[in-house]
Amino acid sequence: MSRVPSLPRLALALSFALLFAACATSRVPIAQAGARQETNTPQVHQRGDEPASAPRRLQPGLKQQVLQESPQARLLPVGMRELSEGRWLLLFPARPPNAVLELLSLEEVRPFLTIFASLGPRPRLHLLEWPGASNHMGQGAASPWESRLREEFLSRVGPQLLPLPESLMSSRLFLALQLSTRYMGEGIREAAIALFTSPAFVLSVCLSIAVYFAAWLAPEPLFSKAFAATMTLRLSLAVGLAEVGHVALASLRLYQEAQAASSPQQLEAASARFGKSMGGTSLRVLVTVATLGVSRLIPQVPESGIWRQLPPVTPEGLVLLEQSAATAQAASNGALIVSGVAAGTATYSILSDAPKPSTRYGKPHTQENPTHNEAIERELASREAAGHTSLRKDRVQRNAAGKRVYDEAPVGEIRFRRPDASSVRPDGVRHNTNYVSNPRDMKRELEAFDAMKRADPEAIHELYLLDGTLVSRYVPAGIGFP
């Protein structure tokens, strides 16, 4: 069994990365985008970042240098530079805490609770006796479902880098994670308690610590497996490199302290430190890594579903759709170096003078608002992966049988609507979704939402802001959701 790295070494290794990540703006000056529009809108249920502006277009000639010489470069969330052999260097500026992402409601995590409940046993009271039981913690054989989750996680993310017992269910780390929820903030505690009482979820978090977050122990962590590299890139774009490093440091410290605990009081203290370090954004990162690590076992929540826990675009409009990489390395100067044709192509398509909107499910929604188009494409890809049929993009409203439907009480003589995304679920229920690009159009969008409900009361209807904020949802009586 390999020696567990010391906590001082761990903290020193990560402190440089976090320090330079916080100072990245001094290397590549990048300012926030223009002031966001404010308007009075209905009460909404937050589940993402603030509304983002559309991606800005830059001249192709800038692709060979750090984007600091053009005034337009200051509108980008990261400094980008194309290196040799298809590698890209990304410099991340410091980002202030996002008040919206710092909250995570029970309603937002319900879909994941249902799915994780199907993977493992029912939650049970976990008792720890000391010191007699401490010598045997984690020494029992793993159950078949635990072995299955472990094999799946390792196959997707990579080999474990920290020693783990044969069974994590009775380990100190497992118990410490469950205890930590009582110390989390009010804005996330209810959701955290629900998540951490699921044995399958807690097991996935344990594996996340031993496999993914343990890789952050190195001074310049390298993620050589494509799945882990892609996850690192997308998490960094969504919440910032420093935030991901913060979660890694907190997780690894919990592992260290749980391993070294010699009394219930010491384990409780370790849990308290971890719980108090978790904010809404940190918890979203944990949920994302834990869920994606076993996502092939839970096809009911395709990848784009979990990414709704994070903003679909960066604050300045950089779309996170299909951002993939072959390798990712977090350098000690606060930069992320990624390689892979997909990463270069996806990133450059946003920076180039002629970005190409996705058209897999139909023609672009508009040429002027690529973010809106990508939100629709991402939603339909999610539904197709979940087994939906009759996928329709920006086409006239139809019911589950494919029959065109009309509003019996039209507003402004508009008798029919065109849902942004529409599909039929495996259970035969039509599901329509619209997105609001500009909050100033909220009144008009709510009128369209009500019109679609009147035209087809047997269907599910949803209305979102582009950042994933739920504005309104209608689910017919007797229909399960999600």
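The values are calculated or read from the model by the stated rules, or taken from the named source; none is laboratory data. Note that the coordinates shown come from a computational prediction; the quantities given were computed from them, not determined experimentally. FYI the Cβ positions are ideal-geometry reconstructions off the backbone, even for glycines, and counts take in every protein chain you see. Surface accessibility is based on the protein's heavy atoms, side chains included, excluding ligands, DNA and RNA. Shrake-Rupley method; radii C 1.70, N 1.55, O 1.52, S 1.80 Å.
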(request) Would you please name the residue that is surrounded by the fewest Cβ atoms within 10 Å (Cβ to Cβ), looking only at residues in segment 415-430 that are in contact with a helix residue (DSSP H, G or I) (Cβ under 7 Å, 6 or more places away or on another chain) and part of a strand (DSSP E or B)? (result) S423
(message) If I go through segment 388-438 residue by residue, how many of them are under 32 Å from the mean Cα position of the chain (by Cα), over 17 Å from Y361 (Cα atoms) and β-branched (V, I, T)?
(response) 2
(message) Tell me whether segment 66-74 contains one or more residues that are out of contact with any Pro (no Cβ under 9 Å at 6 or more places or on another chain), small (G, A, S), modelled with pLDDT under 50 and part of a loop (DSSP other than H, G, I, E, B).
(response) yes
(request) Sort out which residues of segment 182-197 are out of contact with any Leu (no Cβ under 6 Å at 6 or more places or on another chain) and open to solvent by 10 Å² or more (accessible area, probe 1.4 Å), and write them in order of number. (result) R182, Y183, G185, E186, R189, I193, T197
(request) Report whether or not D394 is over 26 Å from T359 (Cα atoms), at pLDDT 90 or above and not aliphatic (A, V, I, L, M). (result) no
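Residue by residue, here is whether (1) open to solvent by less than 10 Å² (accessible area, probe 1.4 Å); (2) touching a residue at least 40 places away in the same chain (Cβ under 8 Å); (3) part of a loop (DSSP other than H, G, I, E, B) holds:
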| residue | (1), (2), (3) |
| --- | --- |
| E445 | no, no, no |
| A451 | yes, yes, no |
| R454 | no, yes, no |
| L463 | yes, no, no |
| D467 | yes, yes, yes |
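Kindly evaluate A200 against the criterion of being surrounded by fewer than 21 Cβ atoms within 10 Å (Cβ to Cβ) and within 22 Å of T114 (Cβ to Cβ).
no
Has segment 123-135 got at least one residue that is modelled with pLDDT of 75 or more and surrounded by fewer than 21 Cβ atoms within 10 Å (Cβ to Cβ)? Give the derivation first.
We begin by selecting, within segment 123-135, every residue modelled with pLDDT of 75 or more; these are none.
Among the residues of segment 123-135, not one is modelled with pLDDT of 75 or more and surrounded by fewer than 21 Cβ atoms within 10 Å (Cβ to Cβ), which makes the answer no.
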(request) Consider N373 carefully, then state whether it is polar (S, T, N, Q), surrounded by 22 or more Cβ atoms within 10 Å (Cβ to Cβ), in contact (Cβ under 8 Å) with a residue 12 or more places away in the chain and part of a strand (DSSP E or B). (result) no
(request) Looking for whichever is surrounded by 20 or more Cβ atoms within 10 Å (Cβ to Cβ), at pLDDT below 60 and over 18 Å from F213 (Cα atoms) here; the options are L310, L351, L267. Which one fits? (result) L351
(request) Evaluate the following for N399: is it at pLDDT 85 or above, closer than 21 Å to L463 by Cα and in contact with a Pro (Cβ under 6 Å, 6 or more places away or on another chain)? (result) no
